[in-house]
Amino acid sequence: MKSIVSAKKKKERQYGTIWGAANSSVAKREYAPGQHGQRRKKPTDYGTQLSAKQKLKTYYGNVSEKQFHKYYVEAIRRSGDAAENLIGILESRLDNLVYKAKFVPTVFAARQFVNHGHVTVNGKKVNIPSYMVKVGDVIEVASKAKQMPLVIAAMESSNRDFPGYLEVDSKKFSAKYSYVPKFDDVPYASVMEPNLVIEFYSR
């Protein structure tokens, strides 16, 4: 647990506030992570695009590069705005929605939670964090996991609001995926730039 907290602080110092409150002292430091730190330099266009990609990957639980590129390919294949499509794909991940429904406190915990078989989709156990949830699907915490301290603490927390695209029933520990959100629908704690991610891969 300590290593996860440390890693989160390191990422927030590198990319700014990602998950927490906007007044995070960690995110405001003027130096990059590392033993000694360095003054932030003005990045190149490539550096800006790379940073935007890494920040978005980190927000969704450090999605692997292979998986993330796969999402980019799918985003440009679909009709409409590629950046909006990318966000819709990332938001549809099961681990992300488990986190957004406040079943667990972090997206990293959500990945482990799904991996351990504590989640069902439409009544069937799904243990793949990257599983793509479809509109109308109902996500629920498995019966044996509903009394886990991790789940109870997360559900009772007032730190996060439920996004509009999730119909959460806290008593049933369930959430219905109402619609695929647009970029503006997602409650990011800091500025995300999916358009720069598209530009990065389009180079």
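Data for the structure
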read-out	value
Per-region count, segment 105-114, residues modelled with pLDDT of 95 or more and part of a loop (DSSP other than H, G, I, E, B)	0
Of the criteria (1) more than 22 Å from residue 82 (Cβ to Cβ); (2) among the hydroxyl-bearing types (Ser, Thr, Tyr); (3) in contact with a helix residue (DSSP H, G or I) (Cβ under 6 Å, 6 or more places away or on another chain), which one residue 201 fails	(1)
The lone exception for residue 30 - which of (1) at pLDDT below 50; (2) closer than 25 Å to residue 203 by Cα it fails	(2)
Residue list for segment 164-198, filter: of a type in the set (Val, Ile, Thr), in contact with a helix residue (DSSP H, G or I) (Cβ under 7 Å, 6 or more places away or on another chain) and under 16 Å from residue 59 (Cα atoms)	186, 197
Residue check for residue 40: of a type in the set (D, E, K, R), modelled with pLDDT of 95 or more, exposed (fewer than 13 other Cβ atoms within 10 Å of the Cβ) and more than 17 Å from the chain's Cα centre (by Cα)	no
Hey, residue 96 within 14 Å of the chain's Cα centre (by Cα), polar (S, T, N, Q) and at pLDDT 95 or above or not	yes
Selection status of residue 89, within 14 Å of the chain's Cα centre (by Cα) and assigned to a helix (DSSP H, G or I)	yes
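The values are calculated or read from the model by the stated rules, or taken from the named source; none is laboratory data. Predicted, not measured: the structure shown is a model, and the values here were computed from it. Glycine gets a Cβ as well: all are built from the backbone with ideal geometry, and neighbour counts include every protein chain shown.
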